[in-house]
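Taking it in order: structure first as structure tokens, then the write-up.
The values are calculated or read from the model by the stated rules, or taken from the named source; none is laboratory data. As the structure is a prediction and not an experimental result, all values here were calculated from the model. Cβ atoms come from the backbone with ideal geometry, glycine included; neighbour counts cover every protein chain shown.
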Amino acid sequence: MDDHPVEDYRSLLLEIARCPIAAMRLAGDAPATPCARIIASQRAEALDTWQVPEPWSGRLATAPILFISSNPSISAMEAYPGWAWTDEWIADYFENRFGGGREQWILDGRRTLLKNGNRAPATAFWSAVYRRAAELLGREPIPGIDYALTEVVHCKSTHEHGVREALATCSQRYLGRILRHAGAHVLVVLGKLAKTGFTEAVGGPTQTNLYGPRPLHGRMRTVAFLPHPNARMPRTLAAVLEHEQFLSLRRFVARDTLEDRGDSMEGPMASYASTRKEFYRRFYGTLIRRYWSEDPMRRSRKPPDRNWLDFASGKTGVRFGWSFHRGDRFSAEIYIDTGARATNLTYLEQLQQARELSDDLRMKLSWEPLPKRRACRIALYHAADVDALMDSPSKLKGCSIGP
């Protein structure tokens, strides 16, 4: 049982990104610190030119898989947050790094946006993580949705420069707090330094490649340890784990991806049947073409092959979306997850009392505090038998709330 006090999700993200140790050190006010070497590795002359630490990348609260590595690499060419960025932009960048934010910061989970507007080639690390997620899921993953990433040391450097010295300080300061917010039931730890930082900060056996499920910061989790993606040795889950361990882990992930939102399609494997996936692609492709064409400032996106699609509202923690539910229902919805349950409930109440809503619309909307989850939802439901709609997605074309 985790008795650590509830901490605001967004506040933790910003505390890591604006690390007080780094701020004092770069201002010349900090005493000697184990983090000095990694902070100095960027050779920034002022705080405003220093690239901020990475808290995490992707939807930490809902992604079923969390990859944990040593520390983020750095590139002077990447369009990446500096200290001068606003809190709103920093939060948007990390939470929506793979899509759905103010910019498409990383394309296809592998190609970063550069300062000149071009795309970097697919990086080896991002590509390796994508492949490991695909190996676990048995399908192509959706970066940021199916998996998120974090580190044991959050400051950026090349070739893990300064990581060993900062390892204990950073991992013990932040890793447990990150895991308390993480929705993942499967943690994949990459490399020796990440394994050292992980086991020292949260405990667990060190002489095994897999353990769990076991309670870990509020959830039952399974932990897998893999070599670093750059290591010259077998690096896949199938190669590192015993065959039965690998199959068990895949079954555990498959169950989690179906249950994490609580409104996935029926049947443990039928959700990914090719006919159903193709229907979702066509249906959401129609919505994307319609709504994205009405806003030339919004970047288009690839239609998903899952039962839901969401996108940024312009306010951190509030997203618009569409979703097919059990019981032959379809909804257009507003999903509220700021990281703090009390804030989510306040937003829900404020929206319900908004004067702009007509009484008729207020009655049609379903106002859902979702007591078993942190998030809240506002939904407008319509009858929708997916099987009957396979050839007629246009029947639901007018179902929408949002922009």
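Quick check on the stretch 150-170. Is at least one of its residues aliphatic (A, V, I, L, M), under 27 Å from Gln42 (Cβ atoms), in the same structural domain as Thr62 (by TED's automatic domain parsing) and not in a helix (DSSP H, G or I)?
Within the stretch 150-170 (the criterion being aliphatic (A, V, I, L, M), under 27 Å from Gln42 (Cβ atoms), in the same structural domain as Thr62 (by TED's automatic domain parsing) and not in a helix (DSSP H, G or I)), the answer is yes, since at least one residue qualifies.
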Of all residues in the stretch 367-384 being in a strand (DSSP E or B) and in contact (Cβ under 8 Å) with a residue 24 or more places away in the chain, the one that is farthest from Leu12 (Cα to Cα):
Ala383
Scan Ala63, Ala32 and give me the residue that is closer than 26 Å to Pro143 by Cβ and hydrophobic (A, V, I, L, M, F, W, C).
Ala63
The lone condition Ala184 fails out of (1) surrounded by fewer than 22 Cβ atoms within 10 Å (Cβ to Cβ); (2) in a loop (DSSP other than H, G, I, E, B); (3) touching a residue at least 12 places away in the same chain (Cβ under 8 Å) is (1)
Looking at Arg164, Arg131, which one is within 19 Å of the chain's Cα centre (by Cα) and of a type outside the set (Phe, Trp, Tyr)?
Arg131
How many residues are surrounded by fewer than 19 Cβ atoms within 10 Å (Cβ to Cβ) and either under 16 Å from Arg276 (Cβ atoms) or at pLDDT 85 or above (or both) if we restrict to the stretch 314-323?
2
Starting from the stretch 287-304, take each residue that is within 19 Å of Ala332 (Cα to Cα) and list its partners that are modelled with pLDDT of 75 or more and of a type in the set (Phe, Trp, Tyr), counting only C-beta distances under 7 angstrom and pairs at least six apart or across chains.
Leu287/Trp322; Pro303/Tyr284; Pro304/Tyr280; Pro304/Tyr284
So which residues in the stretch 80-104 are more than 19 Å from Leu190 (Cβ to Cβ) and in contact with a Gly (Cβ under 8 Å, 6 or more places away or on another chain), if there are any at all?
Asp92, Tyr93, Glu95, Asn96, Gly99, Gly100
Collect the residues in the stretch 324-366 that are assigned to a helix (DSSP H, G or I) and modelled with pLDDT of 85 or more, keeping them in residue-number order.
Arg341, Ala342, Thr343, Asn344, Leu345, Thr346, Tyr347, Leu348, Glu349, Gln350, Leu351, Gln352
Tally the residues that are hydrophobic (A, V, I, L, M, F, W, C) and more than 16 Å from Pro72 (Cβ to Cβ), restricting the search to the stretch 13-58.
12
For the stretch 280-313: of the residues being at pLDDT 80 or above and aromatic (Phe, Trp, Tyr), which is surrounded by the most Cβ atoms within 10 Å (Cβ to Cβ)?
Phe283
Within the bounds of the stretch 134-141, is there any residue that is in a helix (DSSP H, G or I), more than 24 Å from Trp85 (Cβ to Cβ), touching a residue at least 24 places away in the same chain (Cβ under 8 Å) and out of contact with any helix residue (DSSP H, G or I) (no Cβ under 8 Å at 6 or more places or on another chain)?
no
